[in-house]
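The next block holds one structure in the form of structure tokens; read it before the comments.
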Amino acid sequence: MTMFPEMFVGPLTESIIKRAIEKRIVEIHVHDLKTYTSDKHKKCDDYPYGGGEGMVLKVEPFWRGVNEIVPKGKRKKKSEARVILTSARGKLFTQEDVMRLSKYKHLVILCGHYEGVDERVCRFVDEEISIGDYVTSGGELPAMVIIDTVVRVLPNVVGNPRSVYNESFTSKFLDYPQYTRPRVFKAWRVPEILLSGDHKKISYWRLKEAIRATYKYRPERLKNINLTEDEKKILSEVIEEEKRN
């Protein structure tokens, strides 16, 4: 639900999301917030009480929209519907949230804009989500991120479902480095192990490089991972190698 429905035209008509819609795996409806206003000028925002800069989105259009799109009976059922507000103060969006939200039959995403929404909107949403500690021009871009991430983990959306579960933030570690043709580009070579055809050695290399990537770029993740004995040994090797480099 948004004041700017045209912003969604491109993202919803290309690539994986387009194919998911064509396969009827998912339906995505963009609702114009102005449709749910009651005045002749279709005004969705107003000046903030108490003064201050900018405009605040009104509570009434969101209330009418939510209750028209998702009847209260469906909202009461845990697996039926989830109403989300994109919000700077919301819970930071993670892959765990992606998997959790993909289990619902209906998601309703309310897009904030300007200086935010009337606080009373929060009384009838199920959760507030932030995609990062930075400010976007509105809730439309965060909504697109939520849509894209959730759709791609739905069954039969991605051609090879194993690829979804081997990615960074889904597996224990960040993804290992990937290479394709040509073998040599400006003296940069593809690692010989990947050309060997030895699948056992390749699997070990990929695990080690995934651990290395996590150690180098997101070391804080390692504190929350239960490493096997083999993984602990590989991590020790990686740390020693990185110290020498």
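Which residue fluctuates the most in the chain, going by a Gaussian network model with Cα springs under 10 Å, if the choices are E119, E140, E229?
Evaluated over the chain, the most mobile residue of the options is E229.
I want the antiparallel fraction of DSSP beta bridges within the chain, as a percent rounded to 5. Spell out each step's value before the answer.
Numbers: 5 of 17 bridges.
If I count the DSSP bridges inside the chain, around 30 percent turn out antiparallel.
Please give me, ordered by residue number, the trypsin sites (Lys or Arg not before Pro) of the stretch 5-90 that lie in loop per DSSP and have at most 16 other Cβ atoms within 10 Å. Don't skip to the answer; put the middle values down first.
On the way: sites: K18, R19, K23, R24, K34, K40, K42, K43, K58, R64, K72, K74, R75, K76, K77, K78, R82, R89; in loops: K23, R24, K40, K42, K43, K58, K77, K78.
Those that pass, being in a loop and sparsely packed, are K23, R24, K40, K42, K43, K77, K78.
With +1 assigned to the C-beta of every Lys and Arg and -1 to the C-beta of every Asp and Glu, and no other charges, what is the dipole magnitude of the stretch 5-152 about the Cα centre in debye, to the nearest 20? Spell out each step's value before the answer.
Details: 25 positive and 23 negative charges, 196 e Å.
Approximately 940 debye in magnitude.
Given the DSSP H assignment, sum -39500 (n - 2.57) over each helix run of at least 4 residues in the chain and divide by its residue total; what's the result at 222 nm in deg cm²/dmol, nearest 500? If you can, show how the numbers build up before the last one.
Values: 9 runs with 88 residues, N = 245.
That comes out to -10500 deg cm²/dmol.
Picking from Y134, H31, L107, whose Cα lies most toward the positive end of the charge dipole for the stretch 5-152 (charges on Cβ: Lys, Arg +1; Asp, Glu -1)?
About the Cα centre, the residue reaching furthest to the positive side is L107.
Run the simple label-point estimate for R123 and V190 please: 7 Å along Cα→C-beta, distance reported in nm.
6.2 nm
Limiting things to C-alpha atoms, what are the Rg and the maximum Cα-Cα separation (Dmax) for the stretch 131-245, in angstroms?
Here Rg and the maximum Cα pair distance are 17.6, 50 Å.
Would you mind checking the stretch 140-160 for residues with the amide N under 19 Å from a putative spin-label position 7 Å along Cα→C-beta of T94?
Label zone hits: 146-147, 149-150, 153.
Using only Cα atoms, what is the ratio of the radius of gyration of the chain to 2.2 N^0.38 Å? Intermediate results must be reported in sequence, preceding the final value.
Values: Rg = 22.8 Å, N = 245, 2.2 N^0.38 = 17.8 Å.
Relative to the rule-of-thumb radius for its length, the chain sits at 1.28.
What aspartates and glutamates sit close enough to K105 to cross-link, taking a C-alpha to C-alpha distance under 14 Å and skipping anything fewer than 8 places away on the same chain?
Filter leaves E27, E80.
Where Rh denotes the Kirkwood radius from the mean inverse Cα pair distance, what is Rg over Rh for the stretch 184-244? Walk me through the numbers on the way to the answer.
Numbers: Rg = 13.4 Å, Rh = 13.0 Å.
Ratio of gyration radius to Kirkwood radius: 1.03.
Identify the residues of the stretch 171-203 with backbone N under 16 Å of a label point that sits 7 angstrom from the Cα of L222 along the Cα-to-Cβ direction, or state none.
172-176
In the chain, once you exclude exposed chymotrypsin sites (Phe, Trp or Tyr not before Pro) (DSSP loop, at most 11 other Cβ within 10 angstrom), what's the longest stretch remaining?
On the way: sites that count: Y49, Y134.
Longest run free of exposed loop sites: 135-245.
Every number here is computed from the coordinates shown, using simple stated rules; none is lab data. Just so it is clear, the structure is predicted and the values come from calculations on it, not from any experiment. Using ideal geometry, Cβ is built from the backbone for each residue, glycine included, and neighbour counts are taken over all protein chains shown.
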